[in-house]
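What follows is a set of notes on a single structure, which appears directly below.
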Amino acid sequence: MSSKILLLAIVPIVVGVLSVSYLNDEAIEKKFLPTYSVVPLGGGVTEIVLEKSTAVLEENEELKTRVEQTAEQILQAEQQRADLAEKISILENQVSVIEDIRFSSDEKTELLEQEITKLETQIEEFKSQPAAVVQPTPEQEDSIAALEAKIRELEEAQDDPEGDSIFESLTGFEREILVETSKVPEVAMEEGTISWDFVDSRGNSYTFSKLSDDFIDEVVRLPAPQDTLSITLAGVGQGGTAETVQIRDLSKFVTGQMPKPMNELYNTVTTPGEFIFEVWWIVSQFELTSYEMQPDPKHPLDTFSKGEGDNEDLAILMADMIKSSDIGKTWELRFIYFDSDNPSTPQKINHVALLIESEQDTWLVEPTAKTLEDAFVKRDKVRGNLAPI
């Protein structure tokens, strides 16, 4: 019994000595906590385990923080890219506004200069912003470069405000109509009657109708006029001789099919010039299908119903609308046939405009024009052949 008690007393002493000699500070650090902070000696097993668990939690918390920071940086980068795209879009819209103003009228020169200055300021503010976490994408860098190039182009154009007329450049029909939405006629059919509703530039509404059978007889079944005109072009043949070409006589398509609404329209204006402007404005809402003359012109009501037409279709329609009015019947209207590619030295006939003469004034109207600047041009801009309507 005494020997067992002695053994029990000696064993703890021996274990203690071995622990002190073998498990020094470094050993404890390496064997128990290889990746965490050192646990002070003298602590029990429970204390060591607790310390290790705390260290694990602290490292996990640090890792979680780093993940959250990385995620936040990614979100910031994406937001900066989105902001950059939005700012580029704003600048591009500003360029579009400037171009619309530039092409609308020479009278808006001062406004154009203000808008260019505004755009330049926006570009400078954009470029002076603090550096972003991420660089712009290659596409965004290209957009920025394109905007800067557009500024230079606009400034050069502003230095030379005297642009070519529509007869010297075939870009007039590519310019957008200067209204929020097109206002083409609304066509409806009910109980054997076709009706048309349309508005003028001031929002006044007009309505007229025709029996469906009459419309079909006059527009669908009636053969298109086949009359032709002979036009001689000087210096275009072999050796510079004159050459004669045959073209359709468009005056035969003008029959005055809209007397009611055109008289109503004239009664809303104060001058003949305003009336002609309103007629052009209504036609300017139509879609232009071709700038050059085509082989088969349409009847005026056919063009009016479809809200579209090519060069001679719109010219016929304008002439018909004017001739439909009582005042228009007293005016002298003529088609002027010419070469839009060579207005001063015609080589062919590919375009037609409308010459209108009252007792007081003369107007040369370009039916395909989408801006006031292009619609009414000087007579001396064109050398063509006149044919009465």
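Laboratory data are not the source of any read-out in this text; all were calculated from the coordinates shown. Because the structure is predicted, anything quoted here is derived from the model rather than measured. Glycine gets a Cβ as well: all are built from the backbone with ideal geometry, and neighbour counts include every protein chain shown.
For this structure, a couple of remarks:
- Charge tally in the Cβ shell below 13 Å around S325, where Lys, Arg are +1 and Asp, Glu are -1, S325 excluded: -2
- Max-minus-min Cα coordinates of the stretch 216-359 on each principal axis give 55, 38, 26 Å, with the largest extent listed first.
- Residue pairs, from the table K183/K252; K183/K348; K183/K298; K210/K306, whose Cα atoms sit over 25 Å apart: K183/K252; K183/K348
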